[in-house]
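Comments concern the structure below.
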Amino acid sequence: KAGVTQTPRYLIKTRGQQVTLSCSPISGHRSVSWYQQTPGQGLQFLFEYFSETQRNKGNFPGRFSGRQFSNSRSEMNVSTLELGDSALYLCASSSVLAGSSYNEQFFGPGTRLTVL
Amino acid sequence: AQSVTQLGSHVSVSEGALVLLRCNYSSSVPPYLFWYVQYPNQGLQLLLKYTSAATLVKGINGFEAEFKKSETSFHLTKPSAHMSDAAEYFCAVSANSGGYQKVTFGTGTKLQVIP
C-alpha cells in the first residue's frame, strides 16, 4: 500500500501571497489531519477532516483553511502569508471508523514552506 | 479532555547508555498511547503503540514502553543508545471524545546521543 503523499515537498512564497498544499491519504483512510511544525512552537494541530467534514480544529487564525474531497484527498490553504507561517506542514491519515477503535496516524513526509 | 506531557524538551545520553524519555497523559476515558519518532526533515514514524493488551509494549529499533495506569505514564526506554537514535520523539494519546477518537500529541523530546 502506498503511504501518505504530500505535494509539493518544498515551497517558497512571499508575504501576502496564498498557498495550497495537498495531501493524499493511504487508500481506504477517511480521516486526514494537518499539523504545523516549527522550531519555536513544535508540533501544532491545525484541523482534521473526516468524510469531507471538518470535525476538529486547532487554535489557528481563519487564514488557515482546509477541505477534503470525496476521494479523501485533502488540501489546506493559507491566505495572506506571514513570515511566521514558515514551517513544515505535516499531513496524517487514519482509518479509524468507530469511537472505540484507536486512532493510529500515518504521516506523510511534509511540505516545507518558506515565506520570504 | 485529554493531554500529554513530555518532560524534557531535550535529552542527552552517551552512546551505549540507557535511554529514558518520559510521557505522562491525562484522559477521562481509557486511552490508547503511541510513541512516534521523527528524523530531520521527515514525517513522524510510529515506534510503538499501547492498545490495552499487554502493558509492556515492544517497538521497532529496540525501544519499549510500559503503560502504568496508576502513574498515568507511558515512558519510552531503550537499554543501549545508538548514534542512529538521535531524533525527536513524540508521545501521543488517542481517546474517545464526542464519539470519535481524538489524538493529542506531546510537545516532543529531542534526543541527542553523544559518542
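The values are calculated or read from the model by the stated rules, or taken from the named source; none is laboratory data. Every value quoted in this text rests on a predicted model; they were computed, and no experiment measured them. Neighbour counts are summed over all protein chains in view; Cβ atoms, including those assigned to glycine, are modelled from backbone coordinates with ideal geometry. Only protein heavy atoms, including side chains, enter the accessible area calculation; ligands, DNA and RNA are left aside. Shrake-Rupley method; radii C 1.70, N 1.55, O 1.52, S 1.80 Å.
General observations
- Where chain B is the region considered: accessible area per residue in Å², 1.4 Å probe: 47 Å²
- The label-point distance for B:Lys68 and B:Ser9, in a model that sets each label 7 Å from Cα toward Cβ, rounds to 2.6 nm.
- Heavy-atom accessible surface of the stretch A:23-116: percent carbon and sulfur, 1.4 Å: 49 percent
- Accessible-area rank, largest first, for A:Leu81, B:Leu7: B:Leu7, A:Leu81, with all protein chains present and a 1.4 angstrom probe.
- Label sites at A:Thr7 and B:Ser28, each approximated as a point 7 angstrom past Cα along Cα to Cβ, lie 4.3 nm apart.
- Euclidean distance between Cα centres, the stretch A:23-86 to the stretch B:1-78, Å: 25 Å
- For the stretch B:29-39, 3J(HN,Hα) computed residue by residue from phi via the Karplus equation (6.51, -1.76, 1.60; θ = phi - 60°) reads 10, x, x, 10, 10, 9, 10, 10, 10, 10, 8 Hz, glycine and proline entered as x.
- Taking all Cα pairs closer than 8 Å and separated by 6 or more residues, the relative contact order of chain B comes to 37 percent.
- Among the protein heavy atoms of the stretch B:27-115, carbon and sulfur supply 53% of the accessible surface, probe 1.4 Å, non-protein parts ignored.
- Restricting attention to the protein assembly as shown, lysine pairs at least eight places apart or on different chains and with alpha-carbon atoms under 19 angstrom apart total 11.
- Inter-chain Cβ neighbour average for residues B:85-93, partner chain, 10 Å: 1
- Under 5 Å, built H, 5+ apart or other chain: amide partners of B:Phe67: B:Leu56, B:Val57
- Diffusion coefficient (Stokes-Einstein, Kirkwood radius over C-alpha pairs, 20 °C, 1.002 mPa s) for the protein assembly as shown: 118 µm²/s, rounded to a whole number.
- Buried on assembly, the stretch A:39-61 (at least 40 Å² less accessible surface than by itself, 1.4 Å probe): A:Leu43, A:Arg55, A:Asn56
- Counting, for every residue in B:18-25, the Cβ atoms of other protein chains within 10 Å of its Cβ and taking the mean gives 0.
- A simple count of charges around A:Tyr49, restricted to other residues whose Cβ falls under 12 Å of its Cβ and scoring Lys, Arg +1 and Asp, Glu -1, yields +2.
- Evaluated at q = 0.09, 0.17, 0.19, 0.23 Å⁻¹: base-10 log I(q)/I(0), Debye formula over Cα of chain B: -0.22, -0.77, -0.95, -1.33
- With the convex hull constructed from alpha-carbon coordinates only, the stretch A:59-116 shows a mean projected area of 5.3 nm² over all directions.
- Heavy-atom accessible surface of chain A, averaged per residue, reaches 46 Å², computed with a 1.4 Å probe.
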